[in-house]
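Below is one structure, written out as structure tokens, with a few remarks after it.
Nothing in this text is a laboratory measurement; each read-out follows from the coordinates by a stated rule. Values in this document were obtained by computation on a predicted structure and should not be read as measured data. Glycine gets a Cβ as well: all are built from the backbone with ideal geometry, and neighbour counts include every protein chain shown.
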Amino acid sequence: MSLLDPVWTSLLYLAAAVCFILALRGLSSPRTARRGNLVGALGALIAVVTVFLSARLENIPWILAAIVVGSAVAAPVARRVKMTQMPQLVALFNGVGGGAAALVALLELGHAENAWVRVAIVFTLLVGAVSFAGSGVTFAKLQELMTTRPVVFPGLPVVMAVVLVAAVAAGVAVVLSGSLPLAVLLLVLGLAAGILLVLPVGGADVPIVISLLNAFTGLAVAASGLVLGNVLLVVAGTLVGASGTILTRAMAAAMGRSVAGILFGAFRGGSTAGSTAVSQRPVRSSSAEDVAVLLGYAQRVIIVPGYGLAVAQGQHTAAELAQALEARGIEVDFAIHPVAGRMPGHMNVLLAEANVPYESLKEMGEINPEFKTTDVALVVGANDVVNPAAKTSSGSPIYGMPILEVAEARQVVFLKRSMRPGFAGIENDLLYEPQTSLLFGDAKDSLAQVLGAVKAL
Amino acid sequence: MDGTALLTITVLAVFVGFEVVSKVSSTLHTPLMSGANAIHGIILVGAIIVAGQAADPWVLTVALLAVVLATANLVGGFVVTDRMLHMFHAKKDVARTGAQPKAGGR
């Protein structure tokens with residue numbers, strides 16, 4: 001029994017599609033971003049209400065219960081997650097979306113009338129499964145359930161090739177026969193391919209892969225729209241596929257990497273060698289008082305915040321230290337690397353949460369020429385984004401990534417928990433330079449000690 | 001709807017998608033990724049249709065699982081994006097005392 005005339009159904013789906021376009025448009029500018037997101041949510045609401053009013057549906061109580069369960073699980077998690085854990089949550093939500101698309105395709109196989117519909121089903125199954133499993137691995141990496149470094153084993157390219165050939169063969173067989181067991185096999189092969197695709201990706205490349213898998217899920221949703229003959233799914237999925245592709249390329253460009261290099265760089269070997277062993281070279285460690293003297297008698301200080309600062313919840317203390325130094329007439333800025341944190345723009349979100357004044361946040365291009373005239377660069381919980389190896393060592397996994405040029409400053413102070421390498425798993429030669437000193441400890445504690453010592457000067 | 005019409009819509013949507021996010025600043029990469037993520041949660045509509053046509057209990061079970069997953073993607077995606085963007089908003093309003101406020105901003 002449908003309550004809505006098909007014309008109204010089409011018009012309401014059109015309205016929802018327009019909402020999604022406006023949402024993406026709004027999200028690409030800071031002023032309109034929040035409104036854009038709400039318009040997108042409104043579009044989704046319109047679409048869900050429309051499907052209930054227009055399609056002939058059985059099992060409605062069950063469906064409503066499932067929606068309640070899904071919301072009851074996701075909303076509190078989304079509301080309570082720490083800002084530092086945002087990237088892995090985005091990966092998780094992307095994965096379940098891909099999983100849902102694959103399941104929808106699997107169930108539609110029985111209704112497929114012709115080979116073309118089965119082609120779209122096979123595509124959705126495979127891409128949805130890759131996105132689900134791949135996102136699962138990125139989640140595990142970011143949550144540090146497994147190593148964040150690239151995982152490569154001998155024969156990986158061969159295994160990958162075998163899985164892909166088997167998947168293509170199974171896909172062709174499903175298109176020809178419409179066999180459900182073969183479709184389930186295809187699903188399993190897709191899951192394996194997703195895992196194998198993401199395992200060799202490590203460190204700072206992980207967020208870019210999340211963006212790529214996001215685009216994949218979009219394409220899977222678009223293909224499922226073709227299967228169901230639903231224009232809204234086609235439009236929404238295609239939009240996400242296209243915008244996700246652009247975004248992936250923009251993120252890769254911001255790090256001086258190519259998408260192919262990120263996915264397959266590890267296969268070539270060598271480039272992922274990054275050291276796990278901690279070097280025995282001597283470093284200069286100093287006390288909070290030493291650091292305070294260095295800062296308190298400087299004219300210009302640049303603070304370089306990293307993920308370590310955010311994890312320690314030290315943003316407020318960093319802001320206070322900046323104020324204390326400014327009160328002494330010292331010029332203080334925060335230098336923000338585009339991929340500081342775990343994702344592009346992540347550090348801006350984290351510092352904004354701590355109410356660090358927007359005017360003090362300088363982007364990389366703006367601040368880099370200023371390091372030369374800076375007395376002290378204070379690196380708090382960052383490592384990879386200041387590692388000169390990105391410019392000098394062509395074998396390094398971060399080679400080519402634009403960095404903050406703190407090495408140019410007269411003095412460099414690292415606040416670090418330990419000598420453990422950063423997210424990319426490589427050593428930072430800057431730590432052993434003569435102008436560098438290290439203050440070991442939790443970022444927040446160290447900052448508080450330095451702050452106390454500055455006030456006592 | 002016939003094949004050519006769907007193809008037309010698909011191709012146009014590709015162009016719209018490219019155009020809409022072609023010049024986004026790196027500051028907004030994360031929220032935009034998360035927002036696009038929320039939008040593909042609209043697979044919920046497909047999951048509802050499949051669940052609504054299910055006669056076999058097994059089919060219904062799998063379809064309901066798809067509904068749960070899609071809802072998590074959709075609802076969680078929009079909520080998390082809103083929270084991130086709220087942070088961006090807050091920094092304009094809550095200028096800390098002691099910092100020299102500059103007029104305008106970006």
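Longer than 23 Å from Cα to Cα, which of A:LYS82/A:LYS416; A:LYS372/A:LYS455; A:LYS82/A:LYS391 are they? Say none if no pair is.
Details: A:LYS82/A:LYS416 21 Å; A:LYS372/A:LYS455 27 Å; A:LYS82/A:LYS391 33 Å.
Checking Cα-Cα distances, A:LYS372/A:LYS455; A:LYS82/A:LYS391 exceed 23 Å.
Mind giving me the FRET efficiency for B:GLU19 and A:TRP8? R0 is 30 Å, r the Cβ-Cβ distance, nearest 0.05 is fine.
Values: r = 29 Å, r/R0 = 0.97.
That gives a FRET efficiency of 0.55.
Computed over the Cα atoms, what is the radius of gyration of the stretch A:350-405 divided by 2.2 N^0.38 Å, N being its residue count? All intermediate terms of the calculation are to be shown ahead of the outcome.
Numbers: Rg = 13.2 Å, N = 56, 2.2 N^0.38 = 10.2 Å.
This ratio for the stretch A:350-405 stands at 1.30.
Under 14 Å from a point placed 7 Å out from the Cα of A:ILE60 along the Cα-to-Cβ direction: which residues of the stretch B:27-64 have their backbone N that close?
B:49, B:52-53
Give me A:LEU164, A:LEU378, A:LEU212 sorted ascending by neighbouring Cβ count inside 10 Å, so fewest comes first.
A:LEU164, A:LEU212, A:LEU378
Using Cα-Cα distances under 8 Å and only pairs 6 or more residues apart, what relative contact order does chain A have, in percent? Provide the component values of the computation, followed by the final result.
Details: 784 pairs, mean separation 63.5, N = 457.
It rounds to 14 percent for chain A.
In the stretch A:354-384, whose amide N lies under 15 Å from the spot 7 Å out along Cα-to-Cβ of A:ARG328? List them in ranges.
Those under the cut-off are A:375-378.
Label A:HIS316 and A:VAL165 with points 7 Å out from Cα along Cα→Cβ: what is the distance between them in nm?
6.0
Once you put a point 7 Å from the Cα of B:HIS86 and another 7 Å from the Cα of A:ALA72, both along the Cβ direction, what distance in nm separates them?
It works out to 2.3 nm between the two label points.
Would you tally the net charge around A:ALA23, using a Cβ to Cβ cut-off of less than 13 Å, leaving A:ALA23 out, and scoring K and R as +1, D and E as -1? Spell out each step's value before the answer.
Details: positive: A:ARG25, A:ARG34, A:ARG35; negative: B:ASP82.
Around A:ALA23, the surrounding residues sum to +2.
Quick one: which residues, 5 or more positions from A:VAL304 or on another chain, have an amide H under 5 Å from its amide H? H modelled 1.01 Å from N in the peptide plane, none for Pro or chain starts.
Counting only residues 5 or more places away or on other chains, the set is A:ALA335, A:LEU378, A:VAL379, A:VAL380.
May I ask for the distance between the Cα centers of the stretch A:213-257 and the stretch A:424-456, given as a whole number of Å?
When both Cα centres are located, 42 Å separates them.
Tally Lys and Arg at +1 and Asp and Glu at -1 over the other residues with C-beta under 13 Å from the C-beta of A:GLY256: what net charge comes out?
Values: positive: A:ARG249, A:ARG257, A:LYS391; negative: A:ASP205, A:ASP384.
Combined, the nearby Lys, Arg, Asp and Glu give +1.
Within a 10 angstrom radius of the beta carbon, how do A:ARG417, A:ARG34 rank from fewest other beta carbons to most?
The fewest-first ordering by Cβ neighbours comes to A:ARG417, A:ARG34.
Counting only DSSP beta bridges with both residues in chain A, tell me the antiparallel percent, nearest 5.
Working: 0 of 23 bridges.
Taking every DSSP beta bridge with both residues in chain A, the antiparallel ones total about 0 percent.
Dipole size in debye (nearest 20) for the protein assembly as shown around its Cα centre, Lys and Arg Cβ +1, Asp and Glu Cβ -1?
So the magnitude is around 440 debye.
So how do A:MET86, A:MET160 line up by other beta-carbon neighbours within 10 Å, fewest first?
Values: A:MET86 26, A:MET160 18.
Listed from fewest to most nearby Cβ atoms, that is A:MET160, A:MET86.
What does the charge count near A:ARG420 come to, summing +1 for each Lys or Arg and -1 for each Asp or Glu among other residues with Cβ under 13 Å from its Cβ? Walk me through the numbers on the way to the answer.
Working: positive: A:ARG149, A:LYS416, A:ARG417; negative: A:GLU144, A:ASP384, A:GLU427.
Around A:ARG420, the surrounding residues sum to 0.
Could you run the Karplus curve 6.51 cos²θ - 1.76 cosθ + 1.60 with θ = phi - 60° over the stretch A:52-58 and give me ³J(HN,Hα) per residue in whole Hz, x for Gly and Pro?
Calculated HN-Hα couplings, in order: 5, 7, 10, 8, 7, 10, 9 Hz.
By how many nm would the segment from A:SER287 to A:VAL158 grow when fully extended, if each residue of separation counts as 0.36 nm and the alpha-carbon distance is taken off? Don't skip to the answer; put the middle values down first.
Details: separation 129, 0.36 × 129 = 46.44 nm, distance 5.23 nm.
So the extension gain works out to 41.2 nm.
Tell me, what HN-Hα J-couplings in whole Hz come from the Karplus equation 6.51 cos²θ - 1.76 cosθ + 1.60 at θ = phi - 60° for each residue of the stretch A:173-179, using x for Gly and Pro?
For the stretch A:173-179, the Karplus-derived couplings read 4, 5, 4, 6, 9, x, 6 Hz, x marking Gly and Pro.
Compute the distribution of all C-alpha to C-alpha distances in the protein assembly as shown, in bins of 20 Å from 0, and list the percent of pairs in each, rounded to whole numbers.
Final binned percentages: 22, 50, 24, 5, 0.
Given H placed 1.01 Å from N in the peptide plane, which residues other than close sequence neighbours of A:ASN59 have an amide H under 5 Å from its amide H?
Close amide H contacts, sequence-distant or interchain: none at all.
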